[in-house]
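> Before I ask anything, let me first share the structure, which is written out below as structure tokens.
The values are calculated or read from the model by the stated rules, or taken from the named source; none is laboratory data. Fair warning: this is a prediction, and the values are worked out from it, not measured in the lab. Cβ atoms come from the backbone with ideal geometry, glycine included; neighbour counts cover every protein chain shown. Areas reflect the complete protein model, heavy atoms only, side chains present, ligands, DNA and RNA absent. Shrake-Rupley method; radii C 1.70, N 1.55, O 1.52, S 1.80 Å.
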Amino acid sequence: MTLVSTKESTKTAHPKSLVSIVASVAGLALFLILASTLLVSQPLGSTIRGFFYGVDSLTKIDSKSSLGNSVSESNHTVDPFEGIQKRNPTVLGNHGNEGLSQHGDKISVESGGADGDGPVIQKNEPPKSLNEDEPSGSGSVESKNLKANPPLAKVSQKDDGNRSSSFSHTASQENAPESSTNVQTELKDVESTAGTTNSSQANHLDSGCDLYDGKWIYDSAGPLYTNNSCPVLTQTQNCQGNGRPDKDYENWRWKPSHCDLPRFDAKKFLELMRGKTLAFVGDSVARNQMESMLCILWQVEVPKNRGNRRMQRYYFRSTSTMIVRIWSSWLVHQTAEPFDFAPAGVVKLHLDAPDEHFMDYISGFDVIVLSSGHWFAKQSVYILNNEIVGGQLWWPDKSRKKKIDSIEAFGVSVETALTAMGTHTNYTGLTIVRSFSPDHYEGGAWNTGGSCTGKVQPASEGELVDNEFTNIMHEKQVTGFNRAIKKKTNKSKMKLMDITRAFSYRHDGHPGPYRSPDPNKKTTRGPDGRPPPQDCLHWCMPGPVDTWNELVFDIIRREFDDRQ
């Protein structure tokens, strides 16, 4: 009787164990399916990086920034027209220390709060007049008319709300007026990497598209922001706020010939840059571009200002994205101490040593937009291989022969900085070299009657001025870029954003005489025909400078979209 009961209990126990095993296996399978789906939709690496980015990376940059600026303000800042700058009362950050003459003459330097100290509020003071001591953004080479038809066309395009649509090449031609010209410029997208990375990098770009061969299209949809919707806009670039009466210069967009350049999509940009840092390195024109980027992004999210005197930094919390600007006048090491027969006080440029003020940080940057060139018109001494080889606006001993001039020095500086970045063992980011930004002083330099007064649309046939100084500076920059590419040893990538030719047409995009909010400023030529003081080097905001960031966005989109 007992034996029978045991057998029966054993028979009933087996089915229960089998059911438990089947249930456990099914549960485990369901868990694996859900976990796999989660990992595919949210990659673990990017999730972890996004979580820790605000701690590790920012702490690293903060620790270096807290060391302080080892270079005096006078050495740190030389910038055309910054000496006459008046800040927007709502401007955040410190731009006032960029105020010396590009020719090296003594001009007082404004001092302001650190970038991280919050808003800098300044009362409206009468602006200083532009005097003979202020710098030129160009060389002394005379200009001549370029026999080429500018790429112009007009298109009426409705705003789709988010302004993310791109132009149709066919539609733009159909809507263009008969008087518009359609000659395309010949700019090439130079992109290279060292060794075996050449072929893999090419795969990230559309094979048939040259972003820099195209024309300017009139777009009635207008800019992505207004001068009143951006609190970080430097007053000297606030053309509408300074009383400029025309506004069409805000509406011209660049249209590549064989592809579309989409409008800047701020939300997509922040998503592509999730957990990453974009740094603008260079002079006041680099600042001009950085502020344009901030103005565009500000429309979707207000960033946290985490800057200081050495580095402007704006943090976008939603995606842990950081936008950075580091001042670097010449991209190479500079000192003021005496050297050989060059006395103290004159800036010495060591052309074979990169500027440590940005090199110390590049391992923490994912994208760097590099620009320079205009400061090579400033007084300086050129040192190469521990020997004085030249100088600009300074050469006391006429019996000594200069080995290089300012133009050659610029080419060497580009090669030095890019080679240092391309051989840096801990830098793996994307370097975008924005080519030389053309100025448009016609009929002379800034202090010899040069002017861009009255320019209200892109240059048309017979108007375009071919600036030989711009051309040779561009040539030296491209040469330095190509030489650095051949020396590259790390996994970073370098691309040349060649805007020089396209922006030669945009003589309408500068502040001109509208560089100051002074209601009594001169904006027209005097009875003797002399033009009023003006800025034909920097760019109005909104304005053509926003196109640079649309190009940056497209380069980043192609790069990071393909990676993902």
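> For the range 411-434, state whether one or more residues are open to solvent by less than 60 Å² (accessible area, probe 1.4 Å), out of contact with any Ser or Thr (no Cβ under 8 Å at 6 or more places or on another chain), outside any helix (DSSP H, G or I) and at pLDDT 95 or above.
Yes, because at least one residue in the range 411-434 is open to solvent by less than 60 Å² (accessible area, probe 1.4 Å), out of contact with any Ser or Thr (no Cβ under 8 Å at 6 or more places or on another chain), outside any helix (DSSP H, G or I) and at pLDDT 95 or above.
> Ok, one more. Failed condition for Val285, given (1) open to solvent by less than 10 Å² (accessible area, probe 1.4 Å); (2) more than 30 Å from Ser413 (Cα to Cα), with all others met?
(2)
> Next up: What do you reckon, is Ser399 more than 30 Å from Gly275 (Cα to Cα), part of a loop (DSSP other than H, G, I, E, B) and either among the polar types (S, T, N, Q) or under 23 Å from the mean Cα position of the chain (by Cα) (or both)? Steps first, answer last, please.
On the way: more than 30 Å from Gly275 (Cα to Cα): yes; part of a loop (DSSP other than H, G, I, E, B): yes; either among the polar types (S, T, N, Q) or under 23 Å from the mean Cα position of the chain (by Cα) (or both): yes.
Criteria met by Ser399.
Every residue, every condition in (1) in contact (Cβ under 8 Å) with a residue 40 or more places away in the chain; (2) of a type in the set (Lys, Arg); (3) in contact with a Leu (Cβ under 8 Å, 6 or more places away or on another chain); (4) closer than 24 Å to Arg558 by Cα, yes or no:
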| site | (1), (2), (3), (4) |
| --- | --- |
| Ser284 | yes, no, no, no |
| Ser292 | yes, no, no, yes |
| Lys304 | no, yes, no, no |
| Val332 | yes, no, yes, no |
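> Pick out the one residue from Asp508, Asp546 that is in a helix (DSSP H, G or I), under 22 Å from the mean Cα position of the chain (by Cα), crowded, with 21+ Cβ neighbours inside 10 Å and acidic (Asp, Glu). Full working, then the answer.
Working: Asp508 fails: in a helix (DSSP H, G or I).
After applying the criteria, what remains is Asp546.
> Pairs under 6 Å by beta carbon, first residue over 11 Å from Ala409 (Cα atoms) in the range 379-393, partner among the aromatic types (Phe, Trp, Tyr) and open to solvent by 10 Å² or more (accessible area, probe 1.4 Å), six or more apart or different chains?
Gln379/Trp394
> Tell me the residue from Ala445, Ala459 that is closer than 20 Å to Val545 by Cα and of a type in the set (A, V, I, L, M, F, W, C), please.
Values: Ala445 fails: closer than 20 Å to Val545 by Cα.
Selected residue: Ala459, the only one of Ala445, Ala459 that is closer than 20 Å to Val545 by Cα and of a type in the set (A, V, I, L, M, F, W, C).
> Starting from residues that are of a type in the set (Val, Ile, Thr) and closer than 20 Å to Lys521 by Cα, keep the ones in the range 205-260 and report whichever is surrounded by the most Cβ atoms within 10 Å (Cβ to Cβ).
Keep residues of the range 205-260 that are of a type in the set (Val, Ile, Thr), which gives 217, 226, 232, 234, 236.
Now restrict to residues that are closer than 20 Å to Lys521 by Cα: 234, 236.
Values: Thr234: 22, Thr236: 27.
Per the criteria, the residue is Thr236.
> So, one more: Name every residue in the range 491-520 that is farther than 26 Å from Asn251 by Cα and either at pLDDT below 95 or among the aliphatic types (A, V, I, L, M) (or both), in order of residue number. Step through it out loud before you land on a result.
Let us first name the residues in the range 491-520 that are farther than 26 Å from Asn251 by Cα, namely 491-495, 520.
Once the filter is applied, which keeps residues that are farther than 26 Å from Asn251 by Cα and either at pLDDT below 95 or among the aliphatic types (A, V, I, L, M) (or both), the range 491-520 yields Met494, Asn520.
> On the basis of being open to solvent by 20 Å² or more (accessible area, probe 1.4 Å), farther than 22 Å from Trp375 by Cβ and under 17 Å from the mean Cα position of the chain (by Cα), does Lys493 make the cut? Lay out the reasoning, then the answer.
Numbers: open to solvent by 20 Å² or more (accessible area, probe 1.4 Å): yes; farther than 22 Å from Trp375 by Cβ: yes; under 17 Å from the mean Cα position of the chain (by Cα): yes.
Answer is yes for this residue.
> Can you say whether Gly373 is surrounded by 15 or more Cβ atoms within 10 Å (Cβ to Cβ) and at positive phi, as far as the supplied structure shows? Steps first, answer last, please.
Details: surrounded by 15 or more Cβ atoms within 10 Å (Cβ to Cβ): yes; at positive phi: yes.
Here the answer is yes, as Gly373 does meet what is asked.
> Could you please find all residues in the range 205-256 being polar (S, T, N, Q) and closer than 27 Å to Arg557 by Cα? Before the answer, list the steps.
Looking only at the range 205-256, we keep the residues that are polar (S, T, N, Q), and these are 207, 220, 226-229, 234-238, 240, 242, 251.
Answer for the range 205-256, where residues must be polar (S, T, N, Q) and closer than 27 Å to Arg557 by Cα: Ser207, Ser220, Thr226, Asn227, Ser229, Asn251.
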